[in-house]
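*Asks:* One structure coming up, written as structure tokens, with questions to follow.
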Amino acid sequence: MSQDKPHQNLAIIGHVDHGKSTLVGRLLFETGSVPEHVIEQHREEAEEKGKGGFEFAYVMDNLAEERERGVTIDIAHQEFDTDTYYFTIVDTPGHRDFVKNMITGASQADHAVLVVAADDGVAPQTREHVFLARTLGINELIVAVNKMDLVDYSQDTYDEVVGEVRELLDQVRFDTEDAEFIPVSAFKGDNVAERSENTPWYDGNVLLEALNDLPEPSPPTDAPLRLPIQDVYTISGIGTVPVGRVETGTLNTGDNVNFQPSDVGGEVKTIEMHHEEVDYAGPGDNVGFNVRGIGKDDIRRGDVCGPADDPPTVAETFQAQIVVMQHPSVITAGYTPVFHAHTAQVACTIESLDQKLDPASGEVAEENPDFIKSGDAAVVTIRPQKPLSIEPSSEIPELGSFAIRDMGQTIAAGKVLSVNE
Ligand code: GDP
């Protein structure tokens, strides 16, 4: 993928069966971005069976088939571009590791398209995903009121659904001023790439125009360097090479850096990116680098690299706001699951349940609750069982969120409110 346009990570959220996959298929189809292997396979089949034209239905069959086979690409990590941006579709909620990936940055979304079926309106997962999107800091929302073909392109039905969604957004305090609503049919293609004659009463943007007009994600350049370490290699001729992605700030040769919680540091000698030596790297860049005096056993995955004069924070305890996605029973103080924050995985004890929040409004519903369960939002105090570098999400959002995993699944997600060093 070329780098001549800014890159946006887009999440497609919404209730099951409201048409998320179909909409992604439609976006890929309309922008000529159907994955090469799908086109290739179609060509082969067409030759064998003498089938003609490359059709939308074929794309959908193929994506559906891949999903059934459990192929990981599924609809996630598909790419398309508009005049202004390259878009990567990140995992959608419901896909197994969505919450974890989204939180740990593997698929941090900048914006989201909320799909709501016109014949069903706001449904339980519409609610859940909107709340999650807000918790995770997605601010721009495009609402695709889908399946308009099933409601005879009725403006009344559309207005009704828009009203329901607005109410939901208000409830969770989503800033709705900029939310854009579009009546579409992912299946038939109405108002996705081109204005539909079936909705003469609608004169707003079609979906691709709305995506094209999204604000640029602002790179967090004024935050200090934060570079979570993914792996540490030993490379002959160079020495120890930690690798990871620059989340915030810049890494320059000659900089004095520090790794936390390992608590070692030194001067950056070389930086390599895409197999080339560079002098500096910025947010989003994946780098390998070498630091004078640092050996392979001095640092490890889960460390965060920062400037020596503004090193990453190591938490003794921290207070966080969490949302419990799915837990078979209840969570009480003392519970010690594994926390996934950036590249670190550390067992942490939920030391106290401080406040239960109304999941819709975010207001305090109960002080010091005895337990919390699926669907609850709460403020809790957490004690890592091993040193963990983490930051308040208000200061460095990229390092201020985490997923809580237990029994092989993501059970909760959260963001750090404050850190006790
Ligand atoms: P997801 O679970 O949200 O990903 O939903 P899917 O994309 O799998 O769609 C669920 C069902 O709704 C499928 O049978 C689709 O063919 C159908 N569907 C999706 N979008 C539309 C639409 O715009 N119009 C109609 N009539 N059916 C649709």
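The values are calculated or read from the model by the stated rules, or taken from the named source; none is laboratory data. If you're wondering where the values come from, they're calculated on a predicted model, not measured in any experiment. In this analysis, Cβ positions are derived from the backbone assuming ideal geometry, glycine residues included, and neighbour counts consider all displayed protein chains.
*Asks:* Residue check: is residue 179 within 22 Å of the chain's Cα centre (by Cα), within 16 Å of the ligand (Cβ to nearest atom) and at pLDDT below 95?
*Replies:* Working: within 22 Å of the chain's Cα centre (by Cα): yes; within 16 Å of the ligand (Cβ to nearest atom): no; at pLDDT below 95: yes.
No: the conditions fail for residue 179.
*Asks:* Considering only segment 347-364, I want to know if a residue exists there that is under 25 Å from the mean Cα position of the chain (by Cα), within 29 Å of residue 223 (Cα to Cα) and surrounded by fewer than 16 Cβ atoms within 10 Å (Cβ to Cβ).
*Replies:* Yes, there is a match, as at least one residue in segment 347-364 is under 25 Å from the mean Cα position of the chain (by Cα), within 29 Å of residue 223 (Cα to Cα) and surrounded by fewer than 16 Cβ atoms within 10 Å (Cβ to Cβ).
*Asks:* Could you check residue 63 against (1) modelled with pLDDT under 70; (2) out of contact with any Gly (no Cβ under 6 Å at 6 or more places or on another chain) and say which number it fails?
*Replies:* (2)
*Asks:* Right, residue 417: modelled with pLDDT of 95 or more and either out of contact with any Cys (no Cβ under 7 Å at 6 or more places or on another chain) or part of a strand (DSSP E or B) (or both) or not?
*Replies:* No, not satisfied.
*Asks:* Going by the structure shown, is residue 229 under 30 Å from residue 299 (Cα atoms), more than 16 Å from the ligand (Cβ to nearest atom) and modelled with pLDDT under 90? Break it down into steps so the answer makes sense when it comes.
*Replies:* On the way: under 30 Å from residue 299 (Cα atoms): yes; more than 16 Å from the ligand (Cβ to nearest atom): yes; modelled with pLDDT under 90: no.
The answer is no for residue 229.
*Asks:* Given (1) within 14 Å of the ligand (Cβ to nearest atom); (2) at pLDDT 95 or above; (3) small (Gly, Ala, Ser), identify the lone condition not met by residue 123.
*Replies:* (2)
*Asks:* While we're looking at this one, here's another question. Within segment 325-346, restricting attention to residues that are of a type in the set (A, V, I, L, M) and more than 12 Å from residue 404 (Cβ to Cβ), which residue is surrounded by the fewest Cβ atoms within 10 Å (Cβ to Cβ)?
*Replies:* Only one residue fits best here, namely 330.
*Asks:* When you scan segment 214-221, do you find a residue that is within 16 Å of the ligand (Cβ to nearest atom) and not β-branched (Val, Ile, Thr), even just one?
*Replies:* Taking segment 214-221 as the starting set, the residues that turn out to be within 16 Å of the ligand (Cβ to nearest atom) are none.
Looking for residues that are within 16 Å of the ligand (Cβ to nearest atom) and not β-branched (Val, Ile, Thr), one finds none in segment 214-221, hence no.
*Asks:* Moving on to the next point. What are the pairs, 6+ residues apart or on separate chains, where a residue within segment 391-408 that is farther than 16 Å from residue 348 by Cα has its Cβ under 8 Å from a residue that is surrounded by fewer than 22 Cβ atoms within 10 Å (Cβ to Cβ) and of a type in the set (A, V, I, L, M)?
*Replies:* Cβ pairs passing all conditions: 392/417; 392/419; 393/417; 394/417; 395/223; 396/223; 398/223.
*Asks:* Here is a follow-up. Of everything in segment 140-176 that's assigned to a loop (DSSP other than H, G, I, E, B) and more than 13 Å from the ligand (Cβ to nearest atom), which residue is surrounded by the most Cβ atoms within 10 Å (Cβ to Cβ)?
*Replies:* Looking only at segment 140-176, we keep the residues that are assigned to a loop (DSSP other than H, G, I, E, B), and these are 147, 152-154, 172-175.
So of that shortlist, the ones also more than 13 Å from the ligand (Cβ to nearest atom) come out as 154, 172-175.
Numbers: 154: 15, 172: 18, 173: 12, 174: 21, 175: 12.
The residue in question is 174.
*Asks:* Which members of segment 225-271 meet the condition of being small (Gly, Ala, Ser), closer than 19 Å to residue 389 by Cα and surrounded by fewer than 20 Cβ atoms within 10 Å (Cβ to Cβ)?
*Replies:* 266
*Asks:* Then there's this: I'd like the full set of residues that are modelled with pLDDT of 95 or more and either assigned to a strand (DSSP E or B) or among the charged types (D, E, K, R) (or both), limited to segment 199-225.
*Replies:* Of everything in segment 199-225, those that are modelled with pLDDT of 95 or more and either assigned to a strand (DSSP E or B) or among the charged types (D, E, K, R) (or both) turn out to be 203, 209.
*Asks:* For segment 185-205, give me each residue that is within 14 Å of the ligand (Cβ to nearest atom) and either of a type in the set (D, E, K, R) or under 16 Å from residue 115 (Cβ atoms) (or both).
*Replies:* Matches in segment 185-205: 185, 186, 187, 188, 189, 190, 191, 192.
*Asks:* Still on this structure, please answer the following. Checking residue 308 against (1) closer than 16 Å to residue 250 by Cβ; (2) in contact with a Gly (Cβ under 6 Å, 6 or more places away or on another chain); (3) free of Cβ contacts under 8 Å to residues at least 40 places away in the same chain: exactly one of these is not met. Which one?
*Replies:* Among (1) closer than 16 Å to residue 250 by Cβ; (2) in contact with a Gly (Cβ under 6 Å, 6 or more places away or on another chain); (3) free of Cβ contacts under 8 Å to residues at least 40 places away in the same chain, the lone unmet condition for residue 308 is (3).
*Asks:* Then there is this: One residue is enough: does segment 317-334 have a residue meeting the conditions hydrophobic (A, V, I, L, M, F, W, C) and more than 30 Å from residue 171 (Cβ to Cβ)?
*Replies:* no
*Asks:* Can you tell me which residue in segment 359-375 is modelled with the highest pLDDT, limited to those that are in a loop (DSSP other than H, G, I, E, B) and of a type in the set (Asp, Glu)? I'd like the intermediate steps shown before the answer.
*Replies:* Going residue by residue through segment 359-375, those that are in a loop (DSSP other than H, G, I, E, B) are 359-363, 368-371, 374-375.
Filter once more, keeping what is of a type in the set (Asp, Glu): 363, 370.
Values: 363: 78, 370: 97.
Per the stated criteria, the residue is 370.
*Asks:* Output the residue which, of all residues in segment 379-404 that are more than 21 Å from the chain's Cα centre (by Cα) and part of a strand (DSSP E or B), is surrounded by the fewest Cβ atoms within 10 Å (Cβ to Cβ).
*Replies:* In this case the residue turns out to be 383.
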